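Q: Take this structure first; my questions come after.
The values are calculated or read from the model by the stated rules, or taken from the named source; none is laboratory data. Given the structure is predicted, the values throughout are model-derived calculations rather than measurements. Backbone-built Cβ (ideal geometry, glycine too); neighbour counts: all protein chains shown. Side chains are part of the model used for accessible areas, which takes the heavy atoms of the whole protein and leaves out ligands, DNA and RNA. Shrake-Rupley method; radii C 1.70, N 1.55, O 1.52, S 1.80 Å.
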Amino acid sequence: MNSIDKLIENLNKEQKEAVLSTEGPNLIVAGAGSGKTRVLTTRLIYIIDQKKAFPNQILCVTFTNKAAKEMQNRVLKHLKGSSKAVPWLGTFHSISVKFLRRHAEALGYKSNFTILDTEDQKKLIRNIVKAENLDAKKFSPQLIMYHIDQWKNKGLLPKDVKLKKQGSITKSILKVYEIYQNKVKDLNAFDFGDLILFCVKLFEENKDIRQIYHNNFKYILVDEFQDTNFIQNKWLNLLVNDNQNICCVGDDDQSIYSWRGAEIKNFLTFDQIYKSCKVFKLEQNYRSTKNILETASHLISNNTSRVGKKLWSSANHGELVKLNCYRTGKEEAQGVSDIIEKKIKKKYSLNEVSILVRAIYQTREFEERFLQVGIGYRVLGGIKFYERAEVKDAVSYLRIINQKYDDLALERVINSPKRGIGESTLNKIHTFAKNNKLCLEDSIIKILEKGEFKPKLKTSFNQLINMIQKWRRDSLNMKHYDLLKMVIDESGYSSMLKNKKDLENENRLENLKELLRAMQDYDNLQSFLEHVALATSIDQEWEGSKINLMTMHAAKGLEFDVVFLPGWEEGLFPHQKSLEEKGDFALEEERRLAYVGITRARKEAYLSFAMKRAYHGDWMDALPSRFINEIPDNSVEKNEEIANEIEDFEFNQDNSLEFESEYRSPGWDRYRKNKLLKWKK
């Protein structure tokens with residue numbers, strides 16, 4: 001029995017059918033933990049082994065370079081040198097670069113083109129905004145790049161964009177886009193978004209070039225198909241030849257990236273575009289226990305936009321999914337920590353334990369707790385709370401207010417937000433400070449008195465020093481957290497973040513709100529700053545294993561023995577902003593995110609919610625997520641406290657709530673205006 005026979009022999013019936021059905025359009029619906037990568041790799045090896053195609057006649061598209069590398073290593077290992085390489089294996093972007101290098105001249109470019117990175121794009125856009133006399137605060141590089149990226153994901157160059165409103169901000173951004181594209185071409189360059197877009201243009205406008213690849217590619221394989229956007233799907237469709245030997249693998253129930261442009265309809269309509277499509281469902285899960293799968297499957301069945309499948313496992317039933325209720329978010333972090341200390345550490349390595357949150361700011365309370373009790377942790381796909389740039393900026397403002405000799409703090413905030421203070425000016429201040437044995441603040445004041453700054457710099461420094469001195473006076477008579485609210489508003493820091501409308505800056509604003517909440521746990525500014533200093537100076541490189549902290553989005557593709565899923569409350573999960581912007585579409589994606597979170601667990605899963613949570617500085621009653629009501633009772637174990645509390649809550653068919661409990665905070669009336677919930681007396 002050769003290696004490919006052994007590989008196929010080890011597959012289950014459905015996996016085997018999916019591998020051996022090589023001809024025509026195939027859609028493999030691969031549930032969580034169902035061996036998707038194994039099937040895709042085996043299919044690739046089988047096609048080569050059976051001499052259905054040479055390696056360079058197969059196009060295999062993955063979503064990450066890491067996945068491409070792993071797949072290539074597996075293929076080469078089994079082919080044992082019978083193939084030199086699988087050259088058309090990579091991401092959409094890396095394969096697009098190959099196409100463009102070969103055919104750049106057809107698009108009016110030279111083959112030695114440059115690929116611009118994010119910083120290059122920002123610099124170019126800043127120059128255009130300045131040249132066009134646009135307000136730099138109103139038209140930030142991030143805002144413009146967001147719109148350009150959206151247009152490119154939809155396959156639109158400047159001439160293709162049709163604006164609904166004339167005279168809008170978008171009209172000015174479109175003008176910048178037009179100038180930007182011309183300048184990028186003058187540089188003989190492409191940005192990241194251009195790579196796929198210009199490949200589409202290449203194939204649409206040059207039938208002879210498209211025919212080269214139709215003749216060459218006998219088979220096309222696509223991984224994580226549910227995550228493709230409009231332009232990626234168009235790219236694929238242009239490369240499919242008359243034989244239509246395209247096989248797409250993915251899981252519609254794990255489509256959670258619409259905010260990055262992913263369109264689940266690509267997956268759901270695949271069998272409508274390719275009429276002779278065969279659909280294979282991989283439903284046997286090799287990762288999780290039956291109770292975990294039952295919970296996840298029952299939850300996701302509430303979605304209507306899905307192909308439909310039911311995961312099953314030959315594993316044992318395992319532990320029931322635990323559902324815990326806590327009074328506050330802080331007690332939730334303590335409760336999770338206690339479970340880990342008393343139960344989990346005895347059975348599992350901490351490396352196999354993960355806490356998955358909906359919003360990155362939620363990690364703060366867990367980080368504080370783990371630092372307090374000495375449990376090692378790592379934040380994956382993110383930065384530890386007090387090390388996040390916006391948190392360090394805010395704390396640095398507080399440090400310089402607290403004492404004027406904190407040169408490091410002043411240096412951090414001196415140009416945040418931008419005040420036009422360059423490196424040479426900073427060097428001048430440092431030199432003056434050193435020669436006169438002064439702190440930076442006093443040095444700036446002295447240089448201002450001497451009149452040695454240019455007019456623009458003089459204005460910037462006067463404003464900054466006056467603000468800092470005013471805040472010092474204010475700090476004597478106001479709460480430290482109210483002081484920070486004032487600082488981030490009056491400094492222009494919050495405006496800087498609000499003007500750059502993208503997910504990253506929304507997260508930064510959320511982190512600052514969480515910082516304000518954290519400050520309320522301390523009596524004064526001094527005690528809070530001491531806490532931050534200790535939290536950031538503790539040696540966190542503990543020997544041994546660490547708990548994994550991350551968002552549910554970052555956890556996709558990973559798995560752990562034990563998973564904690566805190567914060568299952570209305571407004572947080574499903575997320576209020578998502579529901580307000582996209583309604584039912586967002587609700588289904590939030591539910592898919594819940595499904596992804598639960599199916600990361602191999603052996604144990606813990607869900608929890610808090611009865612009260614701080615919301616924009618106020619304590620408010622939080623209501624259990626509607627997803628909790630969609631979980632089957634027979635797979636869940638509720639603790640005694642929740643067994644009493646949960647009876648007070650019940651979702652009706654219209655997703656309103658009947659709430660019979662008497663405890664209701666003053667903030668509730670404001671909270672219910674979010675239109676997510678209706679109060680029923």
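Q: Excluding ARG388 itself, what net charge comes from residues whose Cβ is under 12 Å from its Cβ, given Lys and Arg +1 and Asp and Glu -1?
A: My count for the surroundings of ARG388 gives -3.
Q: ³J(HN,Hα) across region 215-227 via Karplus (A = 6.51, B = -1.76, C = 1.60, θ = phi - 60°), whole Hz, x for Gly/Pro?
A: Running phi through 6.51 cos²θ - 1.76 cosθ + 1.60 with θ = phi - 60° gives 6, 7, 7, 7, 9, 10, 10, 10, 9, 6, 4, 5, 9 Hz.
Q: Taking a ≥ b ≥ c as the square roots of the eigenvalues of the Cα gyration tensor of region 174-300, is the shape rounded (a/c under 1.5), prolate (a/b larger than b/c) or oblate?
A: Verdict is oblate for region 174-300.
Q: Report the Stokes-Einstein translational diffusion coefficient (µm² s⁻¹, integer) for region 105-187, Rh taken as the Kirkwood radius over Cα pairs, at 25 °C with viscosity 0.890 mPa s.
A: Rounded to a whole number, D works out at 181 µm²/s.
Q: Oh, and also: Taking a probe of 1.4 angstrom, what is the accessible area of ASP135 in Å², to the nearest 10?
A: Around 80 Å² of this residue is reachable by solvent.
Q: Distance cut-off 19 Å, Cα to Cα: go down the list LYS154/LYS281; LYS479/LYS612; LYS154/LYS577; LYS404/LYS437; LYS138/LYS470 and report the pairs above it.
A: LYS154/LYS281; LYS479/LYS612; LYS154/LYS577; LYS138/LYS470
Q: Could you compute how much accessible surface ILE383 exposes when probed at 1.4 Å, giving the result in Å² to the nearest 10?
A: Probe radius 1.4 Å; accessible area of ILE383 about 90 Å².
Q: Whole-Hz Karplus ³J(HN,Hα) for region 561-577, in order, using 6.51 cos²θ - 1.76 cosθ + 1.60 and θ = phi - 60°, x for Gly and Pro?
A: With the stated coefficients, region 561-577 comes to 5, 10, 10, 9, 10, x, x, 7, 10, 4, x, 9, 8, x, 6, 4, 5 Hz.
Q: Dividing the Cα convex hull volume of region 552-620 by residue count, how many Å³ per residue is that?
A: Measuring per residue, one finds 94 Å³ for the Cα hull of region 552-620.
Q: Can you give me the long-range amide H partners of ASN26? Hydrogens built in the peptide plane at 1.01 Å from N, cutoff under 5 Å, separation of 5 or more residues or another chain.
A: Result for ASN26 returns ILE246, CYS247, CYS248, LYS278.
Q: For the chain, what is the convex hull (Cα atoms) projected area averaged across all directions, in square nanometres?
A: That works out to 35.0 nm², a quarter of the Cα hull's surface.
Q: What Kirkwood hydrodynamic radius, in Å, does region 1-66 give when the mean of 1/r is taken over all pairs of distinct Cα atoms and then inverted?
A: 12.7
Q: Over 27 Å between Cα atoms: which of LYS201/LYS418; LYS384/LYS498; LYS234/LYS275; LYS392/LYS450; LYS16/LYS234 fall into that group?
A: The pairs that break the limit, which is 27 Å between Cα atoms, are LYS201/LYS418; LYS392/LYS450; LYS16/LYS234.
Q: A further question follows. Any idea of the accessible area per residue across the chain, 1.4 Å probe, to the nearest Å²?
A: In whole numbers, the chain has 46 Å² accessible per residue.
Q: What number in nm² do you get for region 298-416 if you take the convex hull of its Cα atoms and divide its surface by four?
A: Seen from a random direction, the Cα hull of region 298-416 projects 12.6 nm² on average.
Q: What residues qualify as long-range amide H neighbours of ASN324, i.e. H under 5 Å apart, gap of 5 or more or another chain, H built at 1.01 Å from N?
A: For ASN324, the qualifying residues are LEU607, SER608, PHE609.
Q: If you take the square roots of the eigenvalues of the alpha-carbon gyration tensor of region 438-477 and sort them as a ≥ b ≥ c, do you get rounded (a/c under 1.5), prolate (a/b over b/c) or oblate?
A: Note, shape of region 438-477 comes out oblate.
Q: What does the helix-only formula give at 222 nm for the chain: each DSSP H stretch with n ≥ 4 adding -39500 (n - 2.57), the total divided by the residues, and the result rounded to the nearest 500 deg cm²/dmol?
A: For the chain, the value works out to -15000 deg cm²/dmol.
Q: Right, another one. Specify which residue in the list LEU197, MET145, PHE609 is farthest towards the positive end of the charge dipole of the chain, using unit charges on the beta carbon of Lys, Arg (+1) and Asp, Glu (-1), about the Cα centre.
A: Positive-most Cα among the choices belongs to LEU197.
Q: So who's got an amide H within less than 5 Å of the one on TYR219, skipping anything under 5 residues away but keeping other chains? H placed 1.01 Å off N, in plane.
A: Those lying under 5 Å, H to H, from TYR219 are LEU59.
Q: Here's a follow-up. Step through the residues of region 364-369 one at a time and calculate ³J(HN,Hα) from phi using the Karplus curve (6.51 cos²θ - 1.76 cosθ + 1.60, θ = phi - 60°), rounding each to whole Hz and writing x for Gly and Pro.
A: 3J(HN,Hα) across region 364-369, in whole Hz: 4, 5, 5, 4, 4, 5.
Q: Report Rg (one decimal) and Dmax (nearest whole number) for region 394-468, counting Cα atoms only, units Å.
A: Rg then Dmax for region 394-468, in Å: 11.4, 31.
Q: Nearest 5 percent is fine: what portion of the DSSP beta bridges confined to the chain is antiparallel?
A: Antiparallel bridges: around 15 percent, rounded to the nearest 5.
Q: Within the chain, what whole-number % of the accessible surface is contributed by carbon and sulfur, with the 1.4 Å probe and all protein chains included in the calculation?
A: Looking at the chain in its full context, I get 48 percent from C and S.
Q: Could you tell me the accessible area of ARG38 in Å² (1.4 Å probe, neighbours in place), rounded to the nearest ten?
A: ARG38 exposes around 110 Å² with every protein chain in place.
Q: How much net charge surrounds ASP194 when only other residues with a Cβ under 13 Å from its Cβ are counted (Lys, Arg +1; Asp, Glu -1)?
A: 0
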